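Asks: Before I ask anything, here is the structure I am working with.
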Amino acid sequence: MAGHGYTKTDPAVERWNTMREAVYKNFRFNSRTTRQSIMGMVVFPAAVFAVAYSQDMKWDWTGKRKGEPLARNPPAPETSD
């Protein structure tokens, strides 16, 4: 739709857009793209899994009233002697 009516086409924007549309044709793995790929496909999902696994079965949100603890195994109340 660019170029119709009162809009002016910017050659730099058109070159950038063409480059972005064809990036898959010139992609090469190097140290930077390899590091980004490993971080995005291995490290980040592993970190999300670790957090989710550590919090699994730790909280119980069903049927709680105000003042009741959300923890499944709440700490024992302190007794004063």
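The values are calculated or read from the model by the stated rules, or taken from the named source; none is laboratory data. None of these values were measured; they are calculated from a predicted model. Cβ coordinates were reconstructed from backbone atoms using ideal geometry, including for glycine residues, and neighbour counts include every protein chain displayed. Quick note on the areas: whole protein, heavy atoms, side chains included, nothing else; ligands and nucleic acids left out. Shrake-Rupley method; radii C 1.70, N 1.55, O 1.52, S 1.80 Å.
Asks: Please give the length that would be gained between K66 and N30 if that part of the chain were fully extended, namely 0.36 nm times their separation in residues minus their C-alpha to C-alpha distance (nm, one decimal).
Replies: So the extension gain works out to 7.4 nm.
Asks: Modelled label-to-label distance, A46 and A12, 7 Å Cα→beta-carbon offset: nm?
Replies: Between A46 and A12, the simple spin-label model gives 4.2 nm.
Asks: Which order do the peptides 6-15, 32-41 come out in when sorted by mean C-beta neighbours inside 10 angstrom, highest first?
Replies: Highest to lowest by the protection proxy: 32-41, 6-15.
Asks: In the chain, what percent of the accessible surface is made up of carbon and sulfur (1.4 Å probe, ligands and nucleic acids excluded)?
Replies: Carbon and sulfur atoms account for 60 percent of the accessible area of the chain.
Asks: Output ³J(HN,Hα) for the range 18-28: one whole-Hz value per residue in order, computed from phi by the Karplus curve 6.51 cos²θ - 1.76 cosθ + 1.60 with θ = phi - 60°, and x for Gly and Pro.
Replies: Listing the rounded values in order: 5, 5, 5, 6, 10, 5, 5, 6, 10, 6, 9 Hz.
Asks: Taking only protein heavy atoms into account and a 1.4 Å probe, give the accessible area per residue of the chain in Å².
Replies: That works out to 102 Å² per residue.
Asks: While we're on this one: At 20 °C and 1.002 mPa s, grab the translational diffusion coefficient of the chain from Stokes-Einstein with a Kirkwood Rh over Cα pairs, rounded to a whole number in µm² per second.
Replies: Estimated via Stokes-Einstein, D reaches 111 µm²/s.
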